[in-house]
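Worksheet: one structure, shown below.
The values are calculated or read from the model by the stated rules, or taken from the named source; none is laboratory data. Because the structure is a prediction, the values reported are computed rather than measured. Here the Cβ positions follow ideal geometry from the backbone for every residue, glycine too, while neighbour counts run over all protein chains shown.
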Amino acid sequence: MRSRNRISKISLFLTILILFGILQYINFQSSPEKVIPEGAGETVWINTIIKIIVAMGVIGLFLITIAIHRKFTKREGFHDLPDYQVTKYSQIQHISEPTDVERLIERFSPLQITVHAVTGLSILTLYVTGIPLLYPEHLGWITDLIELSKNMFLHRLAGLGLLSAAIYYLIYSLLQITYVNKDFTKNIIPTLNDIKGAISDVLIILGKTATKYQSNKFNWLEKVDIWSVALFDGLIMCVTGIIIWAPWLFSSFIPNSYILSINVLHGGFAILSLCGILLHFYVVHLTPHRFPMDFSMFTGTVPLQEAEEEYPLWVKDISGDKS
């Protein structure tokens, strides 16, 4: 516990230091009033490919949402009991024994809850302040309501929030892996079992089998969620956002004509990200057995009954059950 707290403090300090350095570097560089992408015709084919990828991604996420709806609506929901007893990892013994209260298991640490909150609020703010700029004819009233200058300030502030969460968790994970636990990220690394899980879910949806695969702490869809946020929101959106924010810093090695494509990439992937978040919101909160909300995002705990049903391999692992 002491090592975890020390690493948390070090990670927070390094995150603040890195963000401060980025902001200072942007502020102290010469900033021409406008960088005009010349020769935009050279990048038309790139913009077209980006739009096709975004369209395919949106359609794919829509189909996945329909499929998941069909899967979950066939299940019976968990029955909540009025009294709860929180069970820590080290206290899980004889988990099959009946109890007079519903037992909870700690699924997320306070750090994960905090990083999730910062990431979620930042992403939602980015949607509200950014997407109206893509559709000014239909959503321009949102920008007018906030005022453009304040809107851009909030957008960049939220971008820094997302960037800070990404940097913090990256530093924290590297320190954990290096000095505390080499298997720190084992639960989020995709494995052959996740591929089998995806195939199993497809077969269940098609009515070809009723056998549910054994999942670890995160199932295959949740791992896709984790890595999509890390790659799309944490990497692509942050990098392209910084380039659009201060294009003069990159004009020496990125042709001005490609800045327009980066702008298209940023906006297009924002739409794709929004569809992904809507899918995430549906799976986590609106499925029948969790409706109207999964409170583990606030408490960090889930009912042990649900954990045994949804993540049996994880429960066996932390309980020391080798059977």
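Things worth noting here:
- Yes/no for Leu145 being modelled with pLDDT under 90, within 30 Å of Ile244 (Cβ to Cβ), in a helix (DSSP H, G or I) and more than 26 Å from the chain's Cα centre (by Cα): yes
- Test: Gly268 is under 30 Å from Phe108 (Cβ atoms), touching a helix residue (DSSP H, G or I) at 6+ places or on another chain (Cβ under 8 Å) and buried (at least 20 other Cβ atoms within 10 Å of the Cβ): no
- Ser261 being farther than 21 Å from Thr125 by Cα, surrounded by 19 or more Cβ atoms within 10 Å (Cβ to Cβ) and of a type in the set (S, T, N, Q): yes
- Residue ranges of helices (runs of 4 or more DSSP H) in the range 253-323 with at least 3 members within 30 Å of Ile49 (Cα to Cα) and out of contact with any Asp or Glu (no Cβ under 8 Å at 6 or more places or on another chain): 256-281
- Of all residues making up the range 173-202, the number that are among the aliphatic types (A, V, I, L, M), outside any loop (DSSP other than H, G, I, E, B), surrounded by 13 or more Cβ atoms within 10 Å (Cβ to Cβ) and without any contact (Cβ under 8 Å) to a residue 60 or more places away in the chain: 4
- Just one of the listed residues (Lys212, Lys223) is of a type in the set (Lys, Arg), farther than 16 Å from Ser122 by Cα and crowded, with 20+ Cβ neighbours inside 10 Å, and it is Lys223.
- Test: residue in the range 1-14 that is under 25 Å from Leu162 (Cβ atoms), among the aromatic types (Phe, Trp, Tyr) and at pLDDT 65 or above: yes
- Of residues in the range 211-246 being of a type in the set (Gly, Ala, Ser) and assigned to a helix (DSSP H, G or I), the one modelled with the highest pLDDT: Gly241
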